[in-house]
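Novice: This structure is in structure tokens; I'll ask about it shortly.
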Amino acid sequence: MTHADIPVRAAARPAPRPLAEFIKAEKVFGNGFRALAPIDLVLPAAEITVLVGPSGCGKTTLLRMAAGLTAPTGGRLVRHTDRMSYVFQDPTLLAWRTVQANVELVAKLQKVPRELRRERASRAIDMTGLAGFEKSYPRELSGGMRMRVSLARAVTSDPELLLMDEPFAALDEFTRDKMGSELLHMWRVRGLTVMFITHSIPEAVRLGHQIAVLGTRPGHLIGVVRSPSPPSPDPDAERDEAALHEFALHITGQLGGVRA
Amino acid sequence: MTAAGTAESAVTEVRAARRPRGKKLAGVVLPPAAALVTGVVLWELITVIWSVPGYLMPSPLTMARTVKDDLPAMWTPTLVTLRESYLGFVIAGAAGVLCALVMARWRLFERGLFPYLVIVQTLPIVAIAPLFVVWLGAGPLTNTLVGAMIALFPVAASTLSGLKSTDRNLVQLYTMAGAPPRVQLLSLRLPAALPAILTGLRVAAGASVIGAIVGEFVAGVGGGQGGLGYVITESAVQLQTPQLFLAVLLASVVSLVLFTMVVIAERRLLRRWHESALPADE
């Protein structure tokens with residue numbers, strides 16, 4: 001596509017290149033349980049895609065598929081990068097290693113040279129507000145701080161695609177908000193593509209450029225909705241709260257349709 | 001909530017907890033010390049009131065005399081037993097962890113070996129010890145190996161279960177980062193299994209002493225080189241009950257020494273990361 005072909009409206013927000021695509025991806029487990037009906041979903045590069053839906057709708061299966069931890073039993077997954085990080089609901093740290101060692105862990109396993117690893121780790125530590133805690137052990141930190149270590153570890157392996165499975169669900173609301181801001185900050189600085197699972201509609205609306213709503217039995221895609229006022233690369237940009245409120249109601253309505 | 005008076009009387013005030021170190025220590029030391037003194041006094045009273053003959057049950061005073069007279073002679077057998085059980089413990093610890101690592105790494109080995117480990121564990125140690133004497137002759141080597149044999153299973157079983165119960169997400173993290181199974185085993189699963197390994201070693205500490213003493217019962221080497229097991233059989237045969245009591249007491253000291261070693265190792269290794277090593281208050 002040449003520049004001449006780009007319509008005027010899209011020029012304001014260029015059509016994003018997909019970083020990963022689910023094409024009729026489907027999952028039936030060995031015991032015959034149908035976890036996911038065929039799903040088409042695009043993860044646009046440098047955008048945050050949020051998955052919402054009731055328990056058992058196959059969100060995690062979809063995320064694990066994107067991570068290459070489980071293969072689709074039908075259809076396929078096309079991924080344009082191998083640089084991925086996975087963030088779990090629990091911080092999932094090595095209890096016997098310091099914060100510094102935990103942050104460097106994945107990069108070290110990936111054989112990133114020591115100097116580069118150190119440099120990236122110290123940047124991630126600064127960015128997540130962990131400076132001064134490098135020598136602490138995980139159990140000496142609060143839940144929110146541990147989650148920060150988990151985030152710092154994820155970015156230290158320099159991913160293009162960040163896969164997050166309800167990463168802030170176990171935190172209190174205040175900390176959760178702060179962690180959301182951290183994530184947006186990291187997204188701005190590094191232009192990450194994020195796939196983010198949550199049960200919280202406010203969180204979904206705040207973080208998502210697009211929201212994929214899923215339903216159960218079997219897990220299927222109800223729809224993908226683009227945000228009317230997505231997070232902006234400019235941290236000072238105002239967001240259209242009224243439009244976001246409408247957006248949240250719309251998502252709730254779609255989920256409500258599942259329950260009925 | 002009813003009358004104001006009730007509400008007032010229900011007020012609980014929680015003051016900042018101040019625990020002077022000396023008071024805390026007293027709380028730990030005093031109760032068992034009091035129990036000991038009471039027990040010894042009761043024991044003395046019983047032997048005096050019913051005039052229990054010394055060969056059945058020596059009184060505390062007799063015991064005190066025995067300790068004074070016989071303790072020097074007990075040094076050598078105690079050290080012999082300590083050395084045997086310590087070596088048996090170390091061998092069992094190393095072999096047990098190694099067995100578990102191999103079994104955790106290759107399922108084939110687990111399927112193939114574990115049943116036999118269980119069988120070794122079910123062999124009555126008293127019955128198997130004479131066989132070791134036949135094979136290896138009477139002596140410290142035999143006693144050490146008998147100790148090692150019964151201490152092996154607790155270490156191997158506990159370590160294996162520790163190695164297999166690593167957090168699934170951590171395993172997933174290592175897999176995604178492309179860490180080969182060997183790295184996962186040594187840098188993730190082994191350290192994660194440390195609390196389980198130490199639990200196994202605690203059990204092994206006691207077991208290796210039992211093994212060594214049973215070995216000594218059977219081996220029957222005199223001249224102090226037979227260890228506490230030999231002293232125990234000899235004193236029993238000669239109805240030297242006070243000496244028998246002393247030997248039993250020293251055997252439990254040997255067990256305690258090994259056990260304490262494990263506890264100290266546990267404190268140092270797990271101090272900063274594991275819940276079990278924390279003071280109850282934190």
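The values are calculated or read from the model by the stated rules, or taken from the named source; none is laboratory data. Note that this is a predicted model, so its numbers are computed, not measured. Cβ coordinates were reconstructed from backbone atoms using ideal geometry, including for glycine residues, and neighbour counts include every protein chain displayed.
Novice: Only one residue in A:GLY129, A:GLY75 is of a type outside the set (Lys, Arg), more than 16 Å from the chain's Cα centre (by Cα) and farther than 30 Å from A:ILE222 by Cα. Which one?
Specialist: On inspection, the qualifying residue turns out to be A:GLY129.
Novice: Suppose we keep only residues that are of a type in the set (Lys, Arg) and part of a strand (DSSP E or B) within the stretch A:67-83. Which one would you say is nearest to A:ILE23 (Cα to Cα)?
Specialist: Per the criteria, the residue is A:ARG76.
Novice: Check the stretch A:93-100 and report whether any residue there is surrounded by fewer than 17 Cβ atoms within 10 Å (Cβ to Cβ) and either of a type outside the set (S, T, N, Q) or within 21 Å of B:MET176 (Cβ to Cβ) (or both).
Specialist: Scanning the stretch A:93-100 turns up no residue that is surrounded by fewer than 17 Cβ atoms within 10 Å (Cβ to Cβ) and either of a type outside the set (S, T, N, Q) or within 21 Å of B:MET176 (Cβ to Cβ) (or both).
Novice: When you scan the stretch B:137-196, how many residues do you find that are among the basic types (Lys, Arg) and away from every other protein chain (no Cβ under 13 Å)?
Specialist: Final tally of qualifying residues: 1.
Novice: Of the numbered conditions (1) touching a residue at least 40 places away in the same chain (Cβ under 8 Å); (2) not in a loop (DSSP other than H, G, I, E, B); (3) not assigned by TED's automatic domain parsing to the domain that holds A:LEU221, A:LYS108 fails exactly one; give the number of that condition.
Specialist: Answer for A:LYS108: the failing condition is (1).
Novice: Then there's this: Condition first: surrounded by 22 or more Cβ atoms within 10 Å (Cβ to Cβ) and among the hydroxyl-bearing types (Ser, Thr, Tyr). Can you find one or more residues in the stretch B:179-187 that meet it?
Specialist: Within the stretch B:179-187 (the criterion being surrounded by 22 or more Cβ atoms within 10 Å (Cβ to Cβ) and among the hydroxyl-bearing types (Ser, Thr, Tyr)), the answer is no, since none of the residues qualifies.
Novice: When only residues in the stretch A:135-149 that are surrounded by 15 or more Cβ atoms within 10 Å (Cβ to Cβ) and more than 10 Å from chain B (Cβ to nearest Cβ) count, which is modelled with the lowest pLDDT?
Specialist: Across the stretch A:135-149, the extreme among qualifying residues is A:GLY144.
Novice: I'm trying to understand the selection: among the residues of the stretch B:48-74, which are free of Cβ contacts under 8 Å to residues at least 60 places away in the same chain, in contact with a helix residue (DSSP H, G or I) (Cβ under 8 Å, 6 or more places away or on another chain) and among the polar types (S, T, N, Q)?
Specialist: The answer is B:SER59, and nothing else.
Novice: On to the next question. Run down A:GLY53, A:GLY68 and say which single residue is of a type outside the set (A, V, I, L, M, F, W, C), in contact (Cβ under 8 Å) with a residue 12 or more places away in the chain and within 14 Å of chain B (Cβ to nearest Cβ).
Specialist: Just a single option satisfies the conditions, and that option is A:GLY68.
Novice: Tell me which residues, restricted to the stretch A:150-183, are touching a residue at least 60 places away in the same chain (Cβ under 8 Å) and surrounded by fewer than 19 Cβ atoms within 10 Å (Cβ to Cβ).
Specialist: A:ASP158, A:ALA169, A:ALA170
Novice: Could you name every one of the helices (runs of 4 or more DSSP H) located completely within the stretch A:156-260 that has at least 3 residues being at pLDDT 85 or above and within 19 Å of the chain's Cα centre (by Cα)?
Specialist: Filter on the stretch A:156-260 gives A:173-190, A:201-207.
Novice: For residues that are crowded, with 24+ Cβ neighbours inside 10 Å and either without any contact (Cβ under 8 Å) to a residue 40 or more places away in the chain or not hydroxyl-bearing (Ser, Thr, Tyr) (or both), tally how many sit in the stretch B:151-161.
Specialist: Within the stretch B:151-161, residues that are crowded, with 24+ Cβ neighbours inside 10 Å and either without any contact (Cβ under 8 Å) to a residue 40 or more places away in the chain or not hydroxyl-bearing (Ser, Thr, Tyr) (or both) number 5.
Novice: Additional query: Here is a list of conditions, (1) within 22 Å of B:GLY88 (Cβ to Cβ); (2) at pLDDT below 90; (3) more than 14 Å from chain A (Cβ to nearest Cβ); (4) in a helix (DSSP H, G or I), and B:GLU266 meets all of them except one; can you say which number that is?
Specialist: Only one criterion is unmet by B:GLU266, namely (3).
Novice: Let me ask something else. Please go through (1) crowded, with 18+ Cβ neighbours inside 10 Å; (2) among the hydrophobic types (A, V, I, L, M, F, W, C); (3) under 30 Å from A:GLY32 (Cβ atoms) for A:ILE222 and return the number of the only condition it doesn't satisfy.
Specialist: (1)
Novice: Output the number of the condition that A:ASP82 fails; it satisfies all remaining conditions of (1) at pLDDT 90 or above; (2) out of contact with any Ser or Thr (no Cβ under 9 Å at 6 or more places or on another chain); (3) within 14 Å of chain B (Cβ to nearest Cβ).
Specialist: (1)
Novice: Got a number for residues in the stretch A:87-110 being under 12 Å from A:THR156 (Cα atoms) and at the interface with chain B (Cβ under 10 Å from one of its Cβ atoms)?
Specialist: 6
Novice: Among the candidates A:VAL194, A:VAL189, A:VAL149, A:VAL155, single out the residue that is within 21 Å of A:GLY58 (Cα to Cα) and not basic (Lys, Arg). Quick ask: steps written out before the conclusion?
Specialist: Working: A:VAL189 fails: within 21 Å of A:GLY58 (Cα to Cα); A:VAL149 fails: within 21 Å of A:GLY58 (Cα to Cα); A:VAL155 fails: within 21 Å of A:GLY58 (Cα to Cα).
Being within 21 Å of A:GLY58 (Cα to Cα) and not basic (Lys, Arg) holds for just one of A:VAL194, A:VAL189, A:VAL149, A:VAL155, which is A:VAL194.
Novice: Related question: Does the stretch A:124-143 hold any residues that are in contact (Cβ under 8 Å) with a residue 24 or more places away in the chain, in a helix (DSSP H, G or I) and closer than 24 Å to A:TRP187 by Cβ, and which are they?
Specialist: Once the filter is applied, which keeps residues that are in contact (Cβ under 8 Å) with a residue 24 or more places away in the chain, in a helix (DSSP H, G or I) and closer than 24 Å to A:TRP187 by Cβ, the stretch A:124-143 yields A:ALA124, A:ILE125, A:MET127, A:GLY143.
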